[in-house]
Amino acid sequence: MSVTIDLSDNEQAILENYAKQHSLTIEQAIKTTLLEIIEDKVDLLAAEEAHKEFVKNPVTYSHDDAWAEIMRE
């Protein structure tokens, strides 16, 4: 798959500098950064959902209680 991105001269310079500093090609820098942003967003959504569930039912367990429950299974 091929994608074209229009960048200003300044944006291109920033991207090239970032790629060079991290020993990446421009393609690698874009792919890596984009996938990290997507992963962060997915993680944030999961954390927000977990927080909502915790607010609904704020039960917590100690490490010992959790370990005992695992060992019972």
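The values are calculated or read from the model by the stated rules, or taken from the named source; none is laboratory data. Quantities reported herein were computed from a predicted structural model and do not represent experimental measurements. Every residue, glycine as well, gets a Cβ built from its backbone with ideal geometry; the counts of neighbours run over all protein chains shown. Ligands, DNA and RNA are excluded from the accessible area calculation, which covers all protein heavy atoms including side chains. Shrake-Rupley method; radii C 1.70, N 1.55, O 1.52, S 1.80 Å.
Numbers at a glance
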| read-out | value |
| --- | --- |
| Residue ranges of helices (runs of 4 or more DSSP H) in the chain with at least 2 members without any contact (Cβ under 8 Å) to a residue 24 or more places away in the chain and of a type in the set (Val, Ile, Thr) | 26-56 |
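Every residue, every condition in (1) more than 23 Å from the chain's Cα centre (by Cα); (2) of a type in the set (S, T, N, Q); (3) open to solvent by 90 Å² or more (accessible area, probe 1.4 Å), yes or no:
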position	(1), (2), (3)
SER2	yes, yes, yes
ASP9	yes, no, yes
TYR18	no, no, no
SER23	no, yes, yes
THR33	no, yes, no
ASP43	no, no, no
LYS52	no, no, yes
PRO58	yes, no, no
ILE70	yes, no, yes
